[in-house]
Amino acid sequence: MIEAAAARLEGHARRTPLLSSPFLDDIAGRRVLVKAECLQHTGSFKYRGAWSALSALPDETRARGVIAFSSGNHAQGVALAARQLDVPAVIIMPRDAPDLKIANTRALGAEVVLYDRASQDRDAIGKHVAAERDLTLIRPFDDAQVIAGQGSVGLEIAAQAGAAGIGIADVLVCCGGGGLTSGIALALEGHAPGLRARPVEPEGFDDTARSLAAGEIRANAPGRVSICDAIVTPQPGRLTFPVMRRLCGPGLAVSDEQAQRAMALAFARLKLVLEPGGAVALAAALFQPQAVAGDAVIVVASGGNVDGGVFTQALDRFAP
């Protein structure tokens, strides 16, 4: 399924580079290679899964339109794929999502419906709108075609790591619900079995790490806040968790401050703009080197959709 999704993505998704810097290598104490998915269309890997899911729908179903819920990156991916395929899209977004993500989703032609995270249920809103308008729900991670599309990142990593002479390494992946992590893990299983996917999350939202340790799904406690909005989810997905349990190494968690430090270093050393949630994997590689084995580590920089104020704060505080 991943290979089929990658074939549909050919000519649509960008093949993002695998970047390195001797300055980052020195901090981590090993070779660090950064898969720059922040350079993907709409600024994150989410476009891959969105195109995969929409392009796999039957023509009549797709023509009626799609609906998605997202804090921003999945929203933009679905909005762009829908525009390219000339189908209507409705996106349910939290009112406190970054202004840039809301504005970009609207600019891409989607209808945005805002809700209050504290008092409203996005699933209930989405089900109501979908039923009322006969729209197909494109889930942000717990969808087989979305997982397959994200798995195309893993196919590229396998080829690029092989070309770089890396056959054994941990692949650190920014993880929310697990769509990207599980897709990469499945791709590596078939194409680069010496590479092991490992999820990285914000402290306080390490539901995947705790679930992997427990062998069953664990949820995050409500009410906590993180600047890593892109990867804050209640718990791993029904489809994604069994894959991660079978194929992934132990999860890691980083602080908001470590994510901001990684943002500043990515900009200074690689000229990449990362959002906090898109920087947690790099943060783990740089600031928790004892948790990673081997002479090299591969990091997925999953997204770069960050408001200017958040980005400049990271640079002001932590620029090298």
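Distance between the 7 Å Cα→Cβ label points at Ile125 and Ala293: 4.5 nm. Among the trypsin sites (Lys or Arg not before Pro) in the stretch 19-52, none is located in a DSSP loop while being surrounded by at most 15 other Cβ atoms within 10 Å of its own Cβ. Looking at the chain, the DSSP beta bridges with both ends there are about 10 percent antiparallel. The phi torsions of the stretch 60-71, fed into the Karplus equation with coefficients 6.51, -1.76 and 1.60 and a -60° offset, translate into couplings of 5, 5, 4, 5, 6, x, 10, 9, 8, 10, 5, 7 Hz, rounded to whole numbers, with Gly and Pro shown as x. Normalised Debye scattering of the stretch 1-86 at q = 0.14, 0.16 Å⁻¹ gives log10 I(q)/I(0) of -0.57, -0.68, counting only Cα atoms as equal scatterers and leaving out solvent. For the stretch 173-320, rounded, prolate or oblate, judged on the Cα gyration tensor with a ≥ b ≥ c (square roots of eigenvalues), a/c < 1.5 rounded, else prolate if a/b > b/c? Oblate shape, in that a/c is at least 1.5 and b/c is the bigger or equal ratio.
Ignoring ligands, DNA and RNA, what accessible area per residue does the stretch 210-320 give at 1.4 Å, in Å²? Write out the running numbers ahead of the final one.
Details: 4650 Å² over 111 residues.
Per-residue accessible area for the stretch 210-320 comes out at 42 Å².
Computed over the stretch 205-291, the range of Cα coordinates on each principal axis works out to 39, 29, 21 Å, biggest value leading.
Would you mind telling me the share, in percent, of accessible area of the stretch 1-104 contributed by carbon and sulfur at probe 1.4 angstrom?
51
The trypsin sites (Lys or Arg not before Pro) of the stretch 254-302 that meet both conditions, a loop assignment by DSSP and at most 11 other Cβ atoms within 10 Å of the site Cβ, are Lys271.
Database remark: amide H of Leu137 closer than 5 angstrom to the amide H of Ile67 (H placed geometrically; neighbours at sequence offset of 5 or more, or on other chains; Pro and chain starts carry no H).
What shape does the stretch 99-164 have by the C-alpha gyration tensor, where a ≥ b ≥ c are the square roots of the eigenvalues, rounded means a/c under 1.5, and otherwise prolate means a/b greater than b/c and oblate the rest? Since a/c reaches 1.5 and a/b is larger than b/c, the shape of the stretch 99-164 is classed as prolate.
The equivalent ellipsoid of the stretch 148-192 has semi-axes of 18, 11, 8 Å, largest first, where each one is the square root of 5 times an eigenvalue of the Cα gyration tensor. Computed on the Cα atoms alone, the convex hull of the stretch 245-286 gives a volume of 77 cubic angstrom per residue.
Amide hydrogen proximity for Lys35: with H placed 1.01 Å from N in the peptide plane, the residues at 5 or more positions away or on another chain lying under 5 Å are Leu19, Val299, Val300, Ala301. What the Cα convex hull of the stretch 46-198 gives, in volume per residue, is 113 Å³. Using the Karplus relation 6.51 cos²θ - 1.76 cosθ + 1.60 with θ = phi - 60°, the per-residue 3J(HN,Hα) values for the stretch 191-199 come to 10, 7, x, x, 9, 10, 6, 9, x Hz, with x marking Gly and Pro.
Give me the accessible area per residue for the stretch 105-176, probe 1.4 Å, as a whole number in Å². Walk me through the intermediate numbers first.
Numbers: 3050 Å² over 72 residues.
Result: 42 Å² of accessible area for each residue.
Here the spin labels are modelled as points 7 Å beyond Cα on the Cα-Cβ line, and at Arg238 and Asp96 they lie 2.8 nm apart.
DSSP beta bridges in the stretch 1-126, what fraction antiparallel, as a percent rounded to 5? If you can, show how the numbers build up before the last one.
Working: 2 of 11 bridges.
Percent antiparallel among DSSP bridges in the stretch 1-126 is about 20.
Give me the Å³ per residue figure for the convex hull around the C-alpha atoms of the stretch 266-320. Before the final figure, lay out each step's value.
Numbers: hull volume 4.7 nm³, N = 55.
Roughly 86 Å³ of hull volume per residue.
To put it simply, the accessible area of the stretch 170-320 at a 1.4 Å probe is 51 percent carbon and sulfur. Per-residue 3J(HN,Hα) values for the stretch 256-264, derived from phi via the Karplus relation 6.51 cos²θ - 1.76 cosθ + 1.60 with θ = phi - 60°, read 4, 5, 5, 4, 5, 4, 5, 4, 5 Hz in sequence order (x marks Gly and Pro). The GluC sites (Glu not before Pro) of the stretch 1-61 meeting both criteria, a DSSP state outside H, G, I, E and B (loop) and at most 14 other C-beta atoms within 10 angstrom of the site's C-beta, are Glu10.
With 27 Å as the cut-off, how large is the P(r) tail for the chain, expressed as percent of Cα-Cα pairs?
Values: 18685 of 51040 pairs.
Percent of Cα pairs beyond 27 Å in the chain: 37.
Taking the longest Cα principal axis of the chain as reference, the axis of helix 144-163 is set at about 30 degrees.
The values are calculated or read from the model by the stated rules, or taken from the named source; none is laboratory data. Being a predicted model, the structure only gives us computed values, none of them experimental. All Cβ positions, glycine included, derive from the backbone under ideal geometry; neighbour counts span all protein chains shown. Just so you know, the surface numbers come from the protein's heavy atoms only, side chains and all, with ligands and any DNA or RNA stripped out. Shrake-Rupley method; radii C 1.70, N 1.55, O 1.52, S 1.80 Å.
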